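Below: one structure, written as structure tokens.
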Amino acid sequence: MYASIIATLFLPLNAQAKNGSSAKAIACIDSTQCAYFYDVYLADKTLRQQLNLAFTTSKIKPPRWLGKGTSTPMIPIVLGQIHYLAGSVCEPHNCGHSVHVLYAPAQKRAVAHYQTENGPAQWLGAPNPAEQKLLSELETANSPLQIKLDSHPKLPIIVD
């Protein structure tokens, strides 16, 4: 009896994680309907592995809140010929600690920009200059990317 009650309690979480697959997220065409970072992170083992690798190769311990922080939708973006999901997560009640992520599911690659409240921001996963620019715009109010996102364009966003 208790097992069925416990299983029922966790059913919505499992269903939500399935809806947050990177394949569904990359196909999103309306930013108000896109899966959130949290959902994709739960559903996509490769994203979790690649972000953990990006942190550890930078000799930084991944924050405990990474998979359960306050997050944004994962917006599909095309940069060059690569399809990315772009999104952010921050520590609950303290967005001075944040991670901005670009994830290329087909390439099984994640890069990020990690900001702590008291330290310098750090690049994770060796983003190239175009990826660094995109991540910087993702976290900057009134950047060309943010202005475009605020207008709720048809997705994916194509970046030159």
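Computed from the coordinates by the stated procedures, all read-outs in this text should not be read as laboratory data. In this text the structure is predicted, and so the values were computed from the model without any measurement. Neighbour counts are summed over all protein chains in view; Cβ atoms, including those assigned to glycine, are modelled from backbone coordinates with ideal geometry.
Checking each residue in segment 71-121 for being outside any strand (DSSP E or B), small (Gly, Ala, Ser) and touching a residue at least 24 places away in the same chain (Cβ under 8 Å) picks out Gly80, Ala106.
Please count how many residues of segment 90-115 are loosely packed, with under 15 Cβ neighbours inside 10 Å and farther than 19 Å from Leu149 by Cβ. Of the residues in that region, 7 qualify. Residues of segment 140-160 that are out of contact with any Asp or Glu (no Cβ under 9 Å at 6 or more places or on another chain) and crowded, with 18+ Cβ neighbours inside 10 Å: Leu149, Pro156, Ile157.
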